[in-house]
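The values are calculated or read from the model by the stated rules, or taken from the named source; none is laboratory data. These numbers come from a predicted model, not from an experiment. Every residue, glycine among them, receives a Cβ derived from its backbone with ideal geometry; neighbour counts consider all protein chains shown.
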Amino acid sequence: MKKKINVLVVPSDRTGCSYFRSTKPHIKLQEMYPDEFHVDILYELNFEDKEWWKQYDIVHFHRTILEYDNMKEHMAMLKDLGIVTIMDLDDFWSPGPHHPAYHIIKESKMGQKIISNLGMTDYVSTTTDIFANEIKNFNKNVFTIPNAIDPTEKQFTPTPEPSNRVRIGWLGGSSHKVDLEILNGVVGKLKSDGLMDKVQFVLCGFDTRGNTRHIDKATGQVTTRKIKPEETVWFEYEKIFTDNYSIVSPEYKEWLLKFKNEEYPNVENESYRRVWTKPIATYASNYNLFDVSLAPIENNHFNKMKSQLKVIEAGFHKKAIIASDFGPYQIDVNNVYGRGGDLDLNGNGFLVPENKNHKFWYKHIKTLIENPELIKKLSENLYDTVKDTYSIEKVTEKRRNWYKELATKAVLV
């Protein structure tokens, strides 16, 4: 009987990026190819039991296996046992000073630790060819396996909520303040055009949880307390999407500033909608609440290495997209806006060059509000772009072929 390839997967977390990069892809690998692969997903490991480790042909881990400081010892043991190691990396290891984790990562020397891991692992998997070329400075054995969508998963099965308004949405996390500041003033301009009765801006992921630290400069004492809602970055996001609450009714503004985790009873008649955060397994259902997805990102090295997941998600949900003409969004988005302002209806989205941020976000949003039929055309084109390339079955087939090649090489060696 032909031996199965035994794969051990070590995710970096239980609820975040490992869902797309570790757990979901490998569950699908065993589901699609049960006669070829056996997959174990474990969070706690024992490096004392070498006999236990011998059962595995491939170990896939996200960033690190347990403690960074012990990686040299761990990797040496796996190499001695002839086990192929694959390190997955989906974010650049050194965010810029605008990123909320910048100081923590710098103080902990996390970037250097990740680079060290890159040099120790046999192979690296990552999200885009752009990032792969960066990683090759530290490990030449890089393979691009993009983020993938399972269209049978409930959160990626489109069930759009009907509305008489064109809904413009953004869905993301708490590290995008500088990215969203690109949109400052856009809502106010559209308000001046008298378009607020035709549009609704939808902000998804709203979250007021967390703590804030205060350092006494005189004593150096650090105190921690629960963060106030108006101190969160989400409050800043909301001011951008409401033009400092000028586009909502007085009653709704009063409701919003109470920060209740509840839906406003008359939200369908407002020009803004707050949507509270959802778990990783259901967050993408928020795409059902809007028609156009916004993807602004600052032009910096960290963002250039990010994946195009926002484009992929929007495509599977059949949403039109307006994105920054930069880095990962240039991979799949074919700009519908041509030179001279002509629209190429073979395009699948709007791309905004950095030097046009001051006017093109407003211009393209206005175009879609006034031409809702264009939204449908762009959404269908984007869906056609992503539906095969980024389906989980297609990407899993690519992973299967790669793993079989690696396992064969290991045997021959």
> So, of the residues in region 315-341 that are in a strand (DSSP E or B) and among the aliphatic types (A, V, I, L, M), which turns out to be surrounded by the fewest Cβ atoms within 10 Å (Cβ to Cβ)?
Replying inline: Ile321
> For Trp276, which of the numbered conditions (1) farther than 21 Å from Ile168 by Cα; (2) in contact with a strand residue (DSSP E or B) (Cβ under 7 Å, 6 or more places away or on another chain) fails to hold?
Replying inline: (1)
> Which ones in region 154-195 are buried (at least 20 other Cβ atoms within 10 Å of the Cβ) and in a loop (DSSP other than H, G, I, E, B)?
Replying inline: Arg165, His176
> Picking from Glu238, Glu268, Glu251, which residue would you name as being outside any loop (DSSP other than H, G, I, E, B), among the acidic types (Asp, Glu) and crowded, with 17+ Cβ neighbours inside 10 Å?
Replying inline: Glu238
> Restricting the first residue to region 118-137 and requiring it to be more than 20 Å from Gly82 (Cβ to Cβ), which pairs with a second residue that is in a helix (DSSP H, G or I) and not β-branched (Val, Ile, Thr) meet a Cβ separation below 7 Å and a spacing of at least six or different chains?
Replying inline: Thr126/Ala132; Thr128/Pro328; Ile130/Lys304; Ile130/Gly327; Ile130/Pro328; Ile135/Leu118
> Taking region 276-290 on its own, how many of its residues are aliphatic (A, V, I, L, M), closer than 12 Å to Lys154 by Cβ and not in a helix (DSSP H, G or I)?
Replying inline: 1
> Could you say which residue among Ile297, Ile312 is part of a helix (DSSP H, G or I) and either at pLDDT 95 or above or not charged (D, E, K, R) (or both)?
Replying inline: Ile312
>> Please return the ranges of helices (runs of 4 or more DSSP H) entirely within region 355-413 where 2 or more residues are at pLDDT below 95 and exposed (fewer than 14 other Cβ atoms within 10 Å of the Cβ).
In response: 392-412
